[in-house]
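Report on the structure given below.
The values are calculated or read from the model by the stated rules, or taken from the named source; none is laboratory data. On a predicted model such as this, the values are computed, not experimentally measured, just so you know. A quick note on method: Cβ atoms are made from the backbone with ideal geometry, for glycine too, and the neighbour counts reach across all protein chains shown.
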Amino acid sequence: MKTSFPELEFTEPERYELHEGPFYHFEVSRREFVQVLGAGILISVAVPSAFAQRSGRGGGTANLAQRLHLGADGMITVFTSKVEVGQGSRTQLTQAAAEELGVPVDRIRLIMADTAQGPDDGGTAGSRTTPSTVPAIRRDCAAARQLLVNTASTAFNIETKGLSVRNGLVEGLGSDRRFGYADLASEKYAQALKRDAGSGVAVTEVAQWRVLGTAVPRVGAVEIATGAHRFPSDIVRPGMLYGKVLRSPSYGAELTEIDLGPAQALPDVAAVRDGDFVGFAAPTSFAAEQARDAAAKTAKWKIAPHPSSDELYDYLRAHATSPRPRRDLRGSPDDALKTASKVLRETYHVAYIQHAPMEPRSAVAEWKEGNLTVWTGSQQPARVRQDLARSLRIPQERVRVIVPDSGGGFGGKHSGEVAVEAARLALAAKRPVSIRWSREDEFTWAYFRPAGVIDVAGGLDDKGTLVAWEHVNFNSGASAIATPYEVPNIATEFKSCDQPLRSGSYRALASTANAFARESFMDELAAASKTDPLEFRLRHLKNDRLRAVLVAAAERFGWRNEWKLNSARQSIGVGLACGTEKGSYVACCAKIQVDERAGTFKVLKVCEAFECGAIQNPGNLQAQVEGCIVMGLGGALREEIRFKDGKILNPMFSQYRVPRFKDVPEIETILVNRPDLSSVGAGETPIIGIAPAVANALFNAAQVRIRSLPIRNAALRAST
Amino acid sequence: MNVNVQFTVNGQLQRLSTDPRRTLLDVLREDLGLTGTKCGCGEGQCRACTVLLDGSPVRSCLTEITEVEGRKVESIEGLGRNGRLHPVQEAFIQEGAMQCGYCVPGMIVATVGLLRRNPKPTQTQILDALNGNLCRCCGYGNILKAVQRAVRSVAPAESATSSRTGNPK
């Protein structure tokens, strides 16, 4: 029953991580520390390297005792540094542990993302939980199961061969003998648990899965449905105050003067200014706001110039920096473009968008006997711990970060600003402090999915075969920049830019932009050679897994009946797109309807096929795929951050329209299961096909080619 | 400048003295420890803060505390009866209608409010009632299934719904 985990056939995904110094430069006074921490505490800089633990790879576990705690009551506690932000990691990791331990799911208690306990499986990013952490937990739990079997074998002098584990008990010992994990929990076997899991542990083959591969319901569902679950913003500590932070009126503005007096005159308010940071804590968030607003009236700012979103794409092109150009070359694309019988060149744009998780950044910080504990919603607890230690200049060992299951991430919560703010304010207030960013804070001071400009060129020979391909991405990232199509001459390049807004990862990040450009352009090439876009793609596609999802989606959608080579405007149109990223494969077909009179259109139906190896939880996978399609529709149709003079012009849900119930089209999904292949993550890649599929459908119907996301109805109207 | 306010929350009488400009949401969360009601935007656009006021859904982030004087507030914590979950809560769990779950209390409370005034809503009526509630995980399909399941549990004779999700066209 051995399953190996072959090297995955993709490289570490480009992450587009924030590379920046600390958010705040504090000058915490010695006196404040002595008051909070007690005398004699050494304040030192503890972190040697800013990104020491940045890689996020699921490293090896030091020993089983770090991963597992066996309760005398039969409950088994499993530890991981991964977080649950709605992607289903808690359930999936619980399933993995239950599968290998041979216990029911409800006997597992999974402790996630507490820097004080458990092994470091890295942060939660890049769809790495499924391919890295699930195997690590399976391996460790399989080792524990083996240990249980071996111990029983020795204790009862029975060969291990006939022994197995079910419901936490060893089976095959004889009817009068009971031996299970609770027995292994005794002191007698404590040493045995302190060993490494080792690499030769046999995990359960996919064909034998009993828990993995099934739609185990979300762990913790009752607590969610009853309101009992405490999200980071719900944590309450004794004596806790609520905090508010003064924000600058525009990006780059410098605080030159402020009088904290009016705020401090209010009852029970603690106010602190430390460098750029100005914060207020009070018994209610309303009182903290009053204090902040009173002080804000006295603030003087030095305003800095900042570009506007109206000039964004020219700005990016003009500010390409590319210290390390990533140019991948195959064949001679320049020559091939010169000699091709037909050449197209187009430019595509994608806007900045915001993750807008339902729960804005939140943190509760508490200082106790010189130690700092912070509960916060972050995908990177270890990095937040480093940020806290660096900002507050205390050793990391004195900092504990706990991430309760949080209200959404989507790649947008990799940073720890709010944790640092709460900790600084708690230090000043000498009480625990809770800060929940406002929606406007989140829309302004979090980071964004980077905007991008993408130039694509393609050359066809006289038979309509692609002979040259060029794809240059300015700013938005290199994920999925390589074309999956067979082309003999290729040049791809990512140019980083000195960009106006703080940017970081997002669900599938640049893959969405690169897939939008590539799949739209493939459609343009197909149209230029008057070919069915499905046929055109298949003719240039060898990758079996990508072909399989493309054919599956097209067949279910009824592509061959739905698609027509239109030469005049029609009210109904269909489009498709496909792609691969992070080891998984997606194809998406969309049907849209144009309202000629109103100059608008509506997405009627989406059919998407997705394959990510062996399916570990079909229920959660379905939810991830549907969620990606609908979230992707937001970025495709409406979402766009606009800014001017250093201000975000639409920092509210009333001004930044995200998908709602009525925006959901009919959705059909095909989850292609490949039990013969390693499982990879599914929370990101299903988002990349929807935007180009819709844009291509719009072309099919209205003969209008949209090359900029979001697709605005205005673009459609302008063409009529 | 505090005022005295008196109202019931989940059947319990509450009397408190507070700044009249505070919202019902803040009082529930910060004074009464009822953190099941969430803040997602503070401008009434996401409805994570939905509670029932005299039986009707309201946005507690836009409801000043003085508005609830003498009235009846129900929050997510008060929906269960005698240790049993409300059928709408059951339906959300059964359908797996949650990803991060932050929007779920607001969704459930809004659904309870809808079913109280209209036990057999049509699909259009469901969409009208819930369109203001945001789910950024975009799990709208399963949430709709949960609402439909809740409707059926009120009216079991209703026929089963299609396995497809989304809006019928």
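Is it the case that residue A:153 is assigned to a helix (DSSP H, G or I), at pLDDT 90 or above and more than 22 Å from residue A:211 (Cβ to Cβ)? Yes: the conditions hold for residue A:153. For segment B:88-101, a residue qualifies if it is surrounded by 20 or more Cβ atoms within 10 Å (Cβ to Cβ) and either more than 11 Å from chain A (Cβ to nearest Cβ) or among the charged types (D, E, K, R) (or both), and exactly one does: B:95. Within segment A:446-459, the set of residues being buried (at least 21 other Cβ atoms within 10 Å of the Cβ) and over 18 Å from residue A:640 (Cβ atoms) comprises A:456, A:458, A:459.
With respect to residue A:408, determine if the residue is out of contact with any helix residue (DSSP H, G or I) (no Cβ under 7 Å at 6 or more places or on another chain) and of a type outside the set (Lys, Arg). Answer is yes for this residue. Can you pull out the residues in segment A:424-449 that are farther than 16 Å from residue A:250 by Cα, more than 13 Å from chain B (Cβ to nearest Cβ) and assigned to a loop (DSSP other than H, G, I, E, B)? Once the filter is applied, which keeps residues that are farther than 16 Å from residue A:250 by Cα, more than 13 Å from chain B (Cβ to nearest Cβ) and assigned to a loop (DSSP other than H, G, I, E, B), segment A:424-449 yields A:430, A:431, A:432.
Within segment A:604-619, being buried (at least 24 other Cβ atoms within 10 Å of the Cβ) and part of a strand (DSSP E or B) holds for A:606, A:607, A:608, A:609, A:610, A:611.
Condition test on residue A:304, is it part of a loop (DSSP other than H, G, I, E, B), modelled with pLDDT of 95 or more, in contact with an Asp or Glu (Cβ under 8 Å, 6 or more places away or on another chain) and surrounded by fewer than 15 Cβ atoms within 10 Å (Cβ to Cβ)?
Working: part of a loop (DSSP other than H, G, I, E, B): yes; modelled with pLDDT of 95 or more: yes; in contact with an Asp or Glu (Cβ under 8 Å, 6 or more places away or on another chain): yes; surrounded by fewer than 15 Cβ atoms within 10 Å (Cβ to Cβ): yes.
Yes: the conditions hold for residue A:304.
Could you pull out the residue among A:62, A:98, A:144 that is outside any loop (DSSP other than H, G, I, E, B), at pLDDT below 95 and under 20 Å from residue A:203 (Cβ atoms)?
Numbers: A:62 fails: outside any loop (DSSP other than H, G, I, E, B); A:98 fails: at pLDDT below 95.
After ruling out the rest, the residue left standing is A:144.
The set of residues from segment A:584-598 being of a type outside the set (Ser, Thr, Tyr) and either crowded, with 24+ Cβ neighbours inside 10 Å or outside any loop (DSSP other than H, G, I, E, B) (or both) comprises A:586, A:587, A:588, A:589, A:590, A:591, A:592, A:593, A:594, A:595.
Does residue A:638 satisfy the condition of being surrounded by fewer than 24 Cβ atoms within 10 Å (Cβ to Cβ) and closer than 28 Å to residue A:564 by Cα? So residue A:638 passes the test. Has segment A:457-471 got any residue that is modelled with pLDDT of 95 or more, under 24 Å from the mean Cα position of the chain (by Cα) and outside any helix (DSSP H, G or I)? No, there is no match, as no residue in segment A:457-471 is modelled with pLDDT of 95 or more, under 24 Å from the mean Cα position of the chain (by Cα) and outside any helix (DSSP H, G or I). At least 2 residues that are in contact (Cβ under 8 Å) with a residue 12 or more places away in the chain and among the aromatic types (Phe, Trp, Tyr) in each: list the strands (runs of 3 or more DSSP E) lying fully within segment A:213-286 that qualify. Once the strands (runs of 3 or more DSSP E) in segment A:213-286 are filtered for at least 2 residues that are in contact (Cβ under 8 Å) with a residue 12 or more places away in the chain and among the aromatic types (Phe, Trp, Tyr), what remains is A:277-282. Being of a type in the set (A, V, I, L, M, F, W, C), in a helix (DSSP H, G or I) and either touching a Cys at 6+ places or on another chain (Cβ under 6 Å) or more than 7 Å from chain A (Cβ to nearest Cβ) (or both) is the requirement here; does residue B:48 meet it? So residue B:48 fails the test.
Note on segment B:61-87: among residues that are of a type in the set (A, V, I, L, M, F, W, C) and in a helix (DSSP H, G or I), the one that is farthest from the other protein chains (Cβ to nearest Cβ) is B:68.
Rundown of residues vs (1) at the interface with chain B (Cβ under 9 Å from one of its Cβ atoms); (2) basic (Lys, Arg); (3) part of a loop (DSSP other than H, G, I, E, B), yes/no style:
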residue	(1), (2), (3)
A:580	no, no, no
A:601	no, no, no
A:622	yes, no, no
A:630	yes, no, no
A:636	no, no, no
A:653	yes, no, yes
A:657	no, yes, yes
A:662	yes, yes, no
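Can you tell me which residue is surrounded by the fewest Cβ atoms within 10 Å (Cβ to Cβ) among those in segment B:22-36 that are outside any helix (DSSP H, G or I) and within 7 Å of another protein chain (Cβ to nearest Cβ)? Filtering segment B:22-36 for residues that are outside any helix (DSSP H, G or I) and within 7 Å of another protein chain (Cβ to nearest Cβ), the one surrounded by the fewest Cβ atoms within 10 Å (Cβ to Cβ) comes out as B:33.
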